[in-house]
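Engineer: Structure in structure tokens, see below.
The values are calculated or read from the model by the stated rules, or taken from the named source; none is laboratory data. Predicted model, so just to flag it, every value in this text is computed and none were measured. With ideal geometry, Cβ positions are generated from the backbone for all residues, glycine too; neighbour counts draw on all protein chains shown. Accessible surface is based on the protein model in full, side chains and every heavy atom, while ligands, DNA and RNA are left aside. Shrake-Rupley method; radii C 1.70, N 1.55, O 1.52, S 1.80 Å.
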Amino acid sequence: MKTWKIAIARDMAIPQLGGHGLHVAFNGLPNADIVGFFDSKGDDLETVMAATEAKRHYRDYVEMLDTEKPDIVVLCSRHPDDHFPQIQAAAERGIHIYCEKPMTASLEEADAIVELLDRTQVKLCMAHPARYDAAFRQMKQMIEAGQIGRPLTIHGRGKSDHRGGAEDMMVLGTHILDLQTFFFGEPESVWAEVMLDGRPIRKGELTKTVEPIGPTAGDEIFASFRFPNSVRGLFESRRGLADPTKQKTQMGIAVIGTKGTLSLRFDDMRDATLQMSPLPSPPDIESCFEEVPVTDPRRIPDAAPLDESLLGKQTPWARMFLSSNRFAVWDLMQSIEEDRQPVANVYNARLTLEMIYGVYTSALTCKTVDLPIPDRTHPLEAMRKPF
């Protein structure tokens, strides 16, 4: 069995809201050797190095790549502007990549990343955990097996907290939009309305965000995508709807079909429950849901049990992040050996960003917008400097 050399980039000198545990994704895999850990700050190294099982620490990212020559590098930054130079340095050295979302905030940059990876034959796996989570995968299988009849609408919501609207769409809606493409393929068009303080947004105006995530505008978003086979995909987020006194999050999806409805939410604090209603109606219209038992036949040969002591410390409390990260990097390793794309890859990462561009383009033009979008500049900016 091949031994994979793994390097991790998690620069704690850059303040971030948190992480999804990408830095411990390879823990417990029998053929993974964590050779290096990059953090320019270098604080609390004993704890971090113990958690990641990394052998050596580096304060310079490129030095780590050149010294260790890893097979795969893990990019943990939540900030999309950090990714392109890190991806470029890795790809030019033939190093494959596991990358936190969003991949980038610029569609021009996303195109450049795709071209770079195509040219270098480097594989990139995006940290879209729902594609690897047992409950979401079972939900997809149930839909494809016809258990809710013909699918009609997939309704996705963000958290609708203090970041509701534009920031919610970019940071958390990325998961929801990617799930819609995972279930139903590439969207054909989008119609959207984006509001700010009760009025439509205007070109050039930007909304202040909690994190540096690129141009955003609006505190209220409603978008409708048209997918193949007349499936409609909805995305909705409004600022301030989340109730901090309630533990359950609004973030998640419901898929409505001709014979029933399936519902599943994201939750950082606990694993979500897959639910089903025999009624073909939205989940807030007197639907009666029952829990669906989730089974997961997947096994990684010789892998150690998941280290649940990391929950709430090095990862969110929900066990799905430990499990999904492990299956994601296992898929990345298999995709390299089999010369195929990972399930969560650079192409569907770019597609998710293109859907976000489509939302803004539709809102600003008051028209339905066909996808893909020919103009790759950001709809909110009159001009964009080259990256």
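Engineer: Go through the range 172-189 residue by residue and turn each phi into a ³J(HN,Hα) via Karplus (6.51, -1.76, 1.60, θ = phi - 60°); whole Hz please, and just put x for glycine and proline.
Structural biologist: Values, residue by residue: 10, x, 3, 5, 5, 5, 5, 4, 4, 6, 4, 7, 10, x, 7, x, 9, 7 Hz.
Engineer: Continuing with this model, one more query. Would you tell me the accessible area of Arg157, worked out with a 1.4 angstrom probe on the heavy atoms of the protein chains, in Å² to the nearest 10?
Structural biologist: Counting only protein heavy atoms, the figure is 70 Å².
Engineer: Okay, next question. I'd like to compare 95-105, 192-202, 74-84: which one has the highest average count of other Cβ atoms within 10 Å, and what's the full order after that? Write down the numbers at each step before the final one.
Structural biologist: On the way: 95-105: 24.5, 192-202: 15.5, 74-84: 21.7.
Those peptides, ordered most packed to least, come out 95-105, 74-84, 192-202.
Engineer: Which of Lys101/Lys203; Lys5/Lys55; Lys41/Lys313; Lys2/Lys41; Lys2/Lys69; Lys159/Lys208 have a Cα-Cα distance over 22 Å? Write out the running numbers ahead of the final one.
Structural biologist: Values: Lys101/Lys203 26 Å; Lys5/Lys55 11 Å; Lys41/Lys313 19 Å; Lys2/Lys41 33 Å; Lys2/Lys69 15 Å; Lys159/Lys208 18 Å.
The answer is Lys101/Lys203; Lys2/Lys41.
Engineer: Using a simple spin-label model with points 7 Å from Cα along the Cα→Cβ vector, what separation in nm is obtained for Arg319 and Asp44?
Structural biologist: Between Arg319 and Asp44, the label points sit 2.5 nm apart.
Engineer: Still on this structure: How do the peptides 251-262, 125-136 rank, highest first, by the average count of neighbouring beta carbon atoms within 10 Å per residue?
Structural biologist: 125-136, 251-262
Engineer: If you don't mind, there's one more thing I want to ask. Got a sec? Charge dipole of the chain, +1 on Cβ for Lys and Arg, -1 for Asp and Glu; which of Gly312, His175, Met139 is way out at the positive end?
Structural biologist: Selected residue: Met139.
Engineer: When the helix-only estimate is applied to the chain (DSSP H runs of n ≥ 4, each -39,500 (n - 2.57), divided by the residue count), what is the mean residue ellipticity at 222 nm, nearest 500 deg cm²/dmol?
Structural biologist: -8500 deg cm²/dmol
Engineer: Set Lys and Arg Cβ to +1 and Asp and Glu Cβ to -1, take the dipole of the chain about its Cα centre, and tell me which of Gly218, Thr207, Ile148 lies farthest positive.
Structural biologist: Value: Ile148.
Engineer: Turning to a different aspect of this structure: Could you tell me which of rounded, prolate or oblate describes the range 108-249, using a ≥ b ≥ c as the square roots of the eigenvalues of the alpha-carbon gyration tensor, with rounded for a/c under 1.5 and, failing that, prolate when a/b is larger than b/c and oblate otherwise?
Structural biologist: Working: a/c = 1.57, a/b = 1.16, b/c = 1.35.
Verdict is oblate for the range 108-249.
Engineer: Here is a follow-up. Amide H to amide H, which residues 5 or more places from Gly252 or on other chains are under 5 Å from it, using H placed in the peptide plane?
Structural biologist: The list, which skips near neighbours in sequence, is Arg157, Phe266.
Engineer: Please give the charge dipole size of the chain, origin at the Cα centre, charges +1 on K and R Cβ atoms and -1 on D and E Cβ atoms. Round to the nearest 20 debye.
Structural biologist: On the way: 44 positive and 56 negative charges, 118 e Å.
Roughly 560 debye for the chain.
Engineer: Whole-Hz Karplus ³J(HN,Hα) for the range 234-241, in order, using 6.51 cos²θ - 1.76 cosθ + 1.60 and θ = phi - 60°, x for Gly and Pro?
Structural biologist: Per-residue couplings from phi come out as 9, 10, 9, 8, 9, 5, x, 7 Hz.
Engineer: Each residue of the range 149-157 in turn: what ³J(HN,Hα) in whole Hz from Karplus with 6.51, -1.76, 1.60 and θ = phi - 60°, glycine and Pro shown as x?
Structural biologist: Once rounded to whole Hz, the list reads x, 7, x, 10, 9, 10, 9, x, 10.
Engineer: Next question. Just the number, please: percent antiparallel of the DSSP beta bridges in the chain, rounded to the nearest 5. Can you show the working numbers first?
Structural biologist: Numbers: 35 of 61 bridges.
Of the beta bridges lying entirely in the chain, close to 55 percent run antiparallel.
Engineer: Let me ask something else. For Cys288 paired with Ala13, estimate the spin-label separation in nm (one decimal), with each label point 7 Å from Cα along the Cα-to-Cβ line.
Structural biologist: Each label point lies 7 Å from its Cα, and together they span 6.1 nm.
Engineer: How large is the convex hull of the C-alpha atoms of the chain per residue, in Å³?
Structural biologist: In the chain, the Cα hull volume divided by residue count equals 143 Å³.
Engineer: Could you give me D for the range 157-241, from Stokes-Einstein at 37 °C and 0.692 mPa s, where the hydrodynamic radius is the Kirkwood radius over C-alpha pairs? Units µm² s⁻¹, please. If you can, show how the numbers build up before the last one.
Structural biologist: Numbers: Rh = 13.1 Å.
Calculated translational D: 251 µm²/s.
Engineer: Checking the a/c ratio against 1.5 first, then a/b against b/c, what shape does the Cα gyration tensor give for the range 137-193?
Structural biologist: prolate
Engineer: Once amide H atoms are placed 1.01 Å from N in the peptide plane, what residues at a sequence separation of 5 or more from Ala272, or on another chain, have their amide H within under 5 Å of its amide H?
Structural biologist: Distant-sequence amide H within range of Ala272: Asp267.
Engineer: When the accessible area of the chain is computed with all protein chains present and a 1.4 Å probe, what percentage of it is carbon and sulfur?
Structural biologist: 50 percent
Engineer: Rounded to the nearest 5, what % of DSSP beta bridges with both residues in the range 125-280 are antiparallel?
Structural biologist: Percent antiparallel among DSSP bridges in the range 125-280 is about 85.
Engineer: Now for a separate question. For Ala303, put the label point 7 Å out on the Cα→Cβ axis and report which residues of the range 336-351 keep their amide N under 19 Å from it.
Structural biologist: Residues 336-345 qualify, since their backbone N sits under 19 Å from the label point.
Engineer: Give me the angle, in degrees from 0 to 90, between the Cα long axis of helix 134-144 and the longest principal axis of the Cα atoms of the chain, rounded to the nearest 10.
Structural biologist: Value to nearest ten degrees: 40.
Engineer: Is the range 1-122 rounded, prolate or oblate when judged by the Cα gyration tensor, a ≥ b ≥ c being the square roots of its eigenvalues, rounded requiring a/c under 1.5 and prolate requiring a/b larger than b/c? Don't jump to the answer; show the numbers that get you there.
Structural biologist: Working: a/c = 1.77, a/b = 1.24, b/c = 1.42.
Note, shape of the range 1-122 comes out oblate.
Engineer: Each label point is 7 Å from the Cα along the Cα-to-Cβ direction; what then is the distance between the points at Asp197 and Leu311, in nm?
Structural biologist: 4.5 nm
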